[in-house]
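Down below is the structure, laid out as structure tokens.
Readers should treat all values here as calculations from the given coordinates under stated rules, not as data from a laboratory. These numbers come from a predicted model, not from an experiment.
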């Protein structure tokens with residue numbers, strides 16, 4: 001009986017050790033992957049189903065489309081396999097595409113290097129470009145401590161320009177944030193759009 005308990009205890013310890021090792025290995029592996037690969041790793045369950053020609057559960061599609069971190073790569077995956085029809089319609093808009101573009105840009109090394117903890121759409125702002133109507137989507141976002149910009153509170157980010165013939169998830173020419181406070185604390189969304197349009201878009 002004692003031998004059985006000893007063997008059983010050893011087996012339990014081995015299993016616990018394996019679980020700890022596996023979790024530690026996964027953490028190390030993910031922490032050393034480029035951010036795009038980390039995001040792909042997150043949607044791997046979806047990829048496996050699509051690659052096999054299976055139709056994923058709607059809950060899985062909504063989960064990845066809802067999350068602004070994985071929305072863009074989910075769209076790209078479905079487009080690659082000619083299954084855009086599976087992408088949730090409520091997220092297949094220019095506004096939602098612009099939001100995920102901004103979030104992924106902010107997360108990119110050299111910029112904010114972090115996904116915003118909160119993000120909200122402010123408004124669509126029209127621009128007259130030599131008689132052609134263009135527009136930008138503006139967002140406010142914030143990050144929590146210990147980020148160095150947490151003290152700024154809500155900040156402005158803009159994406160565009162788009163036109164009447166633009167389609168969801170097309171690559172915008174301008175994704176910008178100067179990490180300034182939003183609304184009328186320091187600068188208005190329209191002021192920020194005008195600055196980006198004149199100093200980034202028109203100079204490209």
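When both region 76-101 and region 56-72 are represented by their alpha-carbon centers, they are found 9 Å apart. Shape summary of region 79-147, radius of gyration then Dmax from alpha carbon positions: 15.2, 45 Å.
From the Cα gyration tensor of region 79-204, with a ≥ b ≥ c the square roots of its eigenvalues, which class applies: rounded if a/c is under 1.5, or else prolate if a/b is larger than b/c, or else oblate? The shape class here is oblate.
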